[in-house]
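What follows draws every value from the coordinates through simple rules; no lab data is involved. None of these values were measured; they are calculated from a predicted model. Cβ sites come from the backbone with ideal geometry, for glycine too, and all protein chains shown count toward neighbours.
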Amino acid sequence: MLPAFLARIGRKYPDIELHISSGSTNDIIRGLENGQINLGFIRPVENIGSLRFFSIAHERYLLAVEKTSALLARSEIGIEDLKGEKIISFSRQNLSYTERYFAEKFEEHDLSKSIAYTCDDTFSLVSLVSAGLGIGFAPEWTLDLPSRNFELRKVRGVDFRIGLGVAWSKDDPTAARDDIIDIARSLVRAGR
């Protein structure tokens, strides 16, 4: 989504100066509230305070598997097939909805002891998978990463989706802010 969004902004405003940074949803919300960030892609939260938000997508979490893994030879992967695999899991400072879901799944299927690595961001997780150190559940957007050494696969018994949206402060004086928000909205209408 981000590459398409940035391409449209670049075409409409060829002289625009952008600074892109990444962070957790909480970090981005704090940046929006204190004026350090003008627009953010975030996961839905219960209380967004005075910020504005609209949903742009829902995406699945799929199993990221290094390209030479024997798991990829299976026509279908079930959660029981993950026994004996090294699992890479998220472990963030604040337990997220995503972490709770997978922690419960791993516990339910006796996979908790298979967690070999933990990390606090998606890029680290897919880097560990790409290095052949294990498997982990990653959001669909990771399919668009360049030079990736992993595939994403559905896993029978795991059905997890999470929303993504755009947030901004109504008090932000950024020039063309509403046009840029409309560009984000157009991606939703285009089905991107």
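May I ask you to derive the FRET efficiency for residue 47 and residue 188 from their Cβ-Cβ distance with R0 = 30 Å, giving the value to the nearest 0.05? Please list the in-between numbers first.
On the way: r = 23 Å, r/R0 = 0.77.
Efficiency for this residue pair is about 0.85.
Under a point spin-label approximation (7 Å from Cα along Cα-to-Cβ), what is the residue 151-residue 178 distance to one decimal in nm?
Calculated label separation equals 4.9 nm.
Can you list the aspartates and glutamates whose alpha carbon is less than 15 Å from that of residue 154, not counting same-chain residues fewer than 8 positions off?
Those aspartates and glutamates meeting the cut-off are 59, 66, 76, 80, 81, 140.
Could you calculate the contour length gain from residue 24 to residue 4, that is, 0.36 nm times the residue separation minus the distance between their Cα atoms, to one decimal place in nm? The partial results should precede the final answer.
On the way: separation 20, 0.36 × 20 = 7.20 nm, distance 2.11 nm.
Result: 5.1 nm gained on full extension.
Pick from 122, 174, 25: which residue has the top mean-square fluctuation in a GNM of the chain where Cα pairs under 10 Å get a spring?
Greatest mean-square fluctuation among the candidates belongs to 174.
Most fluctuating residue of 145, 82, 128 in a GNM of the chain with Cα springs under 10 Å: which is it?
In the Gaussian network model the winner is 145.
For the chain, what's the relative contact order in percent, using C-alpha pairs closer than 8 Å and at least 6 residues apart? Don't skip to the end; give the middle numbers.
Values: 272 pairs, mean separation 72.7, N = 192.
Worked out over the chain, it gives 38 percent.
Averaging over all projection directions, find the projected area of the Cα convex hull of region 1-145 and quote it in nm² with one decimal place. It would help to have the intermediate numbers written out before the result.
Values: hull surface 43.1 nm².
One quarter of the hull surface, i.e. the mean projection, equals 10.8 nm².
Using only alpha carbon positions, build the gyration tensor of region 129-189, then give the equivalent ellipsoid semi-axes as the square roots of 5 times its eigenvalues, largest first, whole angstrom.
Details: eigenvalues 232, 44, 24 Å².
Values for region 129-189, descending: 34, 15, 11 Å.
What percent do you get for the relative contact order of region 58-162 when only Cα pairs under 8 Å and 6+ apart count? Let's see the in-between values first.
Values: 172 pairs, mean separation 53.8, N = 105.
Over region 58-162, the number comes to 51 percent.
Hey, fewest Cβ within 10 Å first, where do 11, 60 land in order? Don't jump to the answer; show the numbers that get you there.
Details: 11 9, 60 15.
Fewest-to-most Cβ neighbours within 10 Å comes out as 11, 60.
With n ≥ 4 as the cut-off for DSSP H runs, can you work out [θ] at 222 nm for the chain, using -39500 (n - 2.57) per run divided by the number of residues, rounded to the nearest 500? Write down the numbers at each step before the final one.
On the way: 5 runs with 54 residues, N = 192.
When only DSSP H runs of four or more count, the value is -8500 deg cm²/dmol.
Assigning unit charges at the beta carbon (Lys, Arg +1; Asp, Glu -1) and nothing else, what dipole magnitude in debye, to the nearest 20, does the chain show about its Cα centre?
Here the chain has a charge dipole of around 440 debye.
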